[in-house]
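Each value in this text was obtained by applying a stated rule to the coordinates, not by laboratory testing. Model, not experiment: these values are computed from the prediction. Cβ coordinates were reconstructed from backbone atoms using ideal geometry, including for glycine residues, and neighbour counts include every protein chain displayed.
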Amino acid sequence: MVEEAPVKILILASMLIVSCASNESVKTPTTDARASGVKPSVAHGWYEDDWAGALAEAKKRNVPVFVDVWATWCHTCRSMKTFVLEDKSMPSDRFVWLALDVDKPVNAGPSSKLATSVFPTYYVVDPSNESVAGMWVGGASIQQMRAFMSDGERSFRNAKVALPETDPLHWLVIADRASISGDPASAANAYDKALSIAPADWSRRADVLALRVGALEAAKSWGPCVDTALASASLAGHTSSATDLTFTALDSCAENLPKDDPRLGKLRTLARSVGHEVATDQDAALSPDDRGDAWKLVWEAAEQMGDHQAALAAAKEREQVLETAAAHAPDSWTASLYDGTRMETLLFLDRAEEARAMLVDHEAKLPDDFNPPHRLARVLVTMKRYDDGLAAARRALALAYGPRKALVYVVLVDALVGRGDIEGAKAALDEDLAYLKSLPPGQARPASIAAAEKRKATLVTR
């Protein structure tokens, strides 16, 4: 699942939206973890946060750039780095590898150029003109990512000789570029054309099905989005793409349909089935994070259907998968990639103390990473331990950067309001607004500014 996925529980919402930043720009391999908690990458000689440097190297070698647009708080991003991107079977020599932390100010320009709104998103970029030769949204297996990179490389090599319209890649590139340029309706049409002419065993079918549903959601075509998910979820196999496309329809498109629309019941039933089939297929090429997301789909659908006991059962399965993965992780950085999803799950299961203990442990082991104290602050506020939550939020605020820092202010305000310090909450919102308005172009968050202003107005009336 792309992430971190929004949830219905309001108290968690601020933990699961976009944001983070620092001006560091380094070519890897690195020897030290980034201050944001980034584990060094070594397999492919990554360029980190250096758009110009990666493009120059790619031009010199006449190869495309593989771009990973990610965030430190995004569990799918970090799972992909751990289980897929660093795999030695990836075509290292045929690309220049570039990782862009979306919340660092130095990456505001390229992130805006690529119009990334979902994390992780991967691109194959032609260094000669910075055009996109391929785009992948969300998680993937090793096999899926290799197929995507192969297509991207072929698109790059054929840039000067248009691919025939009988080639699904022709329409796929058109669709990706339409999506990036802000024309999701055209993107959806082009994805549909690619799917219609592709062979039955097309290696890209699952992710393109998810891209088509995502394009319909972006175009606010709510009914077609749900219809497409109903028709295509089973065609995506037992993949993370099947989970993603069903979640998009369930959590976004379906919410905009009339409450008595008969498709809602069908979609929820389908979501429970898809999630369960993906989650329980032990032969599927899924990371623990992918499997956990599938259980979350079951949980979400069951809750919408009013079956709270089934939702609790799915959440328990999810926590078991994630806890086991964290326990077997080779180091604290890898174990912490499950923190956000485990926190969400443990709170739903009314096991806040376990979430608190987990995050205290990871804050001690990862003292330069703002994510553990940020999440810890949210858990403590949920537990109504407002003074402790305020202290954790302030520790996180000292380390956070980029748009994500604004969300640390959100939990800071929650703690201040909880302890009855309304004047302090107003002052914190003023700091939050000043910070949001200082973000560079490409990182501006108008919706966050509007939310902060609305909350301040609510506090003023109190």
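Of all lysines in the structure, the ones whose alpha carbon falls short of 16 Å from that of Lys456, not counting any fewer than 8 places away in one chain, are Lys426, Lys437.
Reported to the nearest whole Å, the Cα centre-to-centre distance from segment 188-202 to segment 141-157 is 16. Loop-located trypsin sites (Lys or Arg not before Pro) across segment 154-230 with a Cβ neighbour count of 11 or fewer within 10 Å are Lys160, with loop assigned by DSSP. Along the chain, the longest continuous region that contains none of the GluC sites (Glu not before Pro) in a DSSP loop with at most 16 other C-beta atoms within 10 Å is 166-462. Straight-line cross-link reach from Lys259 at under 23 Å between alpha-carbon atoms covers these lysines, not counting any fewer than eight positions away in the same chain: Lys8, Lys220, Lys296.
Looking at the P(r) of the chain, how many percent of alpha-carbon pairs lie beyond 34 Å? More than 34 Å apart: 32 percent of the Cα pairs in the chain.
Taken over segment 199-337, the percentage of Cα pairs per 5 Å bin, counting from 0 up to the bin with the maximum distance, is 2, 11, 20, 20, 19, 14, 9, 4, 1, 0.
Shape analysis of segment 181-278 places it in the oblate category; the axes a ≥ b ≥ c from the Cα gyration tensor give an a/c of at least 1.5, with a/b not above b/c.
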